[in-house]
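The values are calculated or read from the model by the stated rules, or taken from the named source; none is laboratory data. Quick caveat: nothing in here was measured; it's all calculated off a predicted structure. Here the Cβ positions follow ideal geometry from the backbone for every residue, glycine too, while neighbour counts run over all protein chains shown. For the accessible areas, the whole protein counts, side chains as well, though only heavy atoms, and no ligand, DNA or RNA atoms are used. Shrake-Rupley method; radii C 1.70, N 1.55, O 1.52, S 1.80 Å.
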Amino acid sequence: MRILAVDTAENSASIALMDESAPICELYFNSKMTHSRTLMAMISGMVEARAGLDIQDIDGFVVSHGPGSFTGLRIGISVVKGLAFAHGKPAAGISSLDGIAWQFSEGPISNVCAMMDAKRGEAYRAFYLFENGKLRYKTPALAVTPEKMAEEGAQFGEEPIVFAGSGAVVFQETLQQIFGVRASFAPPFKNGIRASALAHALFQDSEALSHEHHAIVPVYLRRSDAEINFNKRSAHTGKSAG
């Protein structure tokens, strides 16, 4: 089964063409250019020019559905839903955090905390427990402060935890103080969301693929800055009018 995976949850963009768990092509792009300007060119260039295939040769699509950037998520999801619908292929949405965590699934036991910088002193996070490459446990994704994670991390006892993702980079010093020797941190090349990891997660549950494309919606976890500012202005205006 050939799967095209797409991630646009952060400033970076990642796409991968996978045949089961074997990569055919993968691209990672991180620049100031918006995803709307680069994504379609990345996809067509990889599928047609590099892999020598046509979009119709793809069996299904997977996209990171959040958490992440409000605009980035909408772009990635819209592109994948459009391609899937136009070519009559199934698609699925996978947590952006899975695209980080599955890079650490190897080993007899792996405790992983995937984190994305959520700004405002918070991180989007989920804890994972892998055993011999299989996911055994996963917490719901939440937006929390690193201090809040201290009690959440207690569920793993004294076991070491690998922290990975943009949130782990931003809060590394604080996490080191909280978790001490239990904390280890991913190398820089494993802190990005990998589209290949999203596809690998999908292959663990291929039944997630569906022709119900409308069911793929962004998972934001909290309101956007625009919504918060709008509500503040509305509240202030209401008080002034009163």
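Whenever you get a sec, line up Asp54, Asp7 from highest to lowest accessible area (probe 1.4 Å, protein heavy atoms). If you can, show how the numbers build up before the last one.
Working: Asp54 75, Asp7 0 Å².
Highest to lowest solvent-accessible surface, that is Asp54, Asp7.
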With every protein chain left in place and a probe of 1.4 Å, what is the accessible surface of His87, to the nearest 10 Å²? 60 Å²
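What do you get for GluC sites (Glu not before Pro) in the stretch 10-87 restricted to DSSP loop and a cutoff of at most 15 other Cβ within 10 Å of the site's Cβ? Could the numbers behind the result be given before it?
On the way: sites: Glu10, Glu20, Glu26, Glu48; in loops: Glu10, Glu20.
Sites meeting the loop and neighbour criteria: Glu20.
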Which three extents, in angstrom, do the Cα atoms of the stretch 58-159 have along their principal axes, listed largest first? 50, 36, 16
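Tally up the carbon and sulfur contribution to the accessible surface of the chain as a whole percent, 1.4 Å probe, everything protein left in place. Could the numbers behind the result be given before it?
Details: 6320 of 11620 Å².
Percent of accessible area from carbon and sulfur atoms in the chain: 54.
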From the square roots a ≥ b ≥ c of the eigenvalues of the alpha-carbon gyration tensor of the stretch 1-139, which class results: rounded (a/c under 1.5), prolate (a/b over b/c), or oblate? oblate
Which GluC sites (Glu not before Pro) in the stretch 109-195 pass both tests, a DSSP loop state and at most 12 other beta-carbon atoms within 10 Å? Glu158
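In Å², what does the accessible area per residue of the chain work out to with a 1.4 Å probe? Please report the intermediate quantities before stating the final value.
Numbers: 11620 Å² over 242 residues.
Here the per-residue accessible area is 48 Å².
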Computed accessible area, Tyr124, all protein chains, 1.4 angstrom probe, square angstrom: 10 Å²
Could you tell me what percent of the DSSP beta bridges with both partners in the chain are antiparallel, to the nearest 5? 70 percent
Can you list residues whose amide H is under 5 Å from Ala183's amide H, if they're 5+ apart or on another chain and H is modeled 1.01 Å from N? Ile161
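Let me check I've understood the local charge: for Met1, count other residues with C-beta under 15 angstrom from its C-beta, Lys and Arg +1, Asp and Glu -1. What total comes out?
Values: positive: Arg2, Lys89; negative: Asp19, Glu20, Asp57, Asp59, Asp205, Glu207.
My count for the surroundings of Met1 gives -4.
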Quick one: P(r) of the chain from all Cα-Cα pairs, 5 Å bins, percents rounded to integers, in order of increasing distance. 1, 7, 14, 18, 18, 15, 11, 8, 5, 3, 1, 1, 0, 0
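Out of the trypsin sites (Lys or Arg not before Pro) in the stretch 67-138, which ones are loop residues according to DSSP with at most 14 other C-beta atoms within 10 Å?
Working: sites: Arg74, Lys81, Lys119, Arg120, Arg125, Lys134, Arg136, Lys138; in loops: Arg120.
Passing both the DSSP loop test and the Cβ count: Arg120.
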Which ³J(HN,Hα) values in Hz, rounded to whole numbers, follow from the phi angles of the stretch 91-102 under the Karplus curve 6.51 cos²θ - 1.76 cosθ + 1.60, where θ = phi - 60° and Gly and Pro get x? 8, 8, x, 10, 4, 4, 5, 4, x, 9, 5, 5
What is the ratio of the Cα radius of gyration of the stretch 99-172 to 2.2 N^0.38 Å, where N is its residue count, to two decimals? 1.03
Per the Kirkwood formula on distinct C-alpha pairs, the Rh of the stretch 1-78 is how many angstrom? 12.6 Å
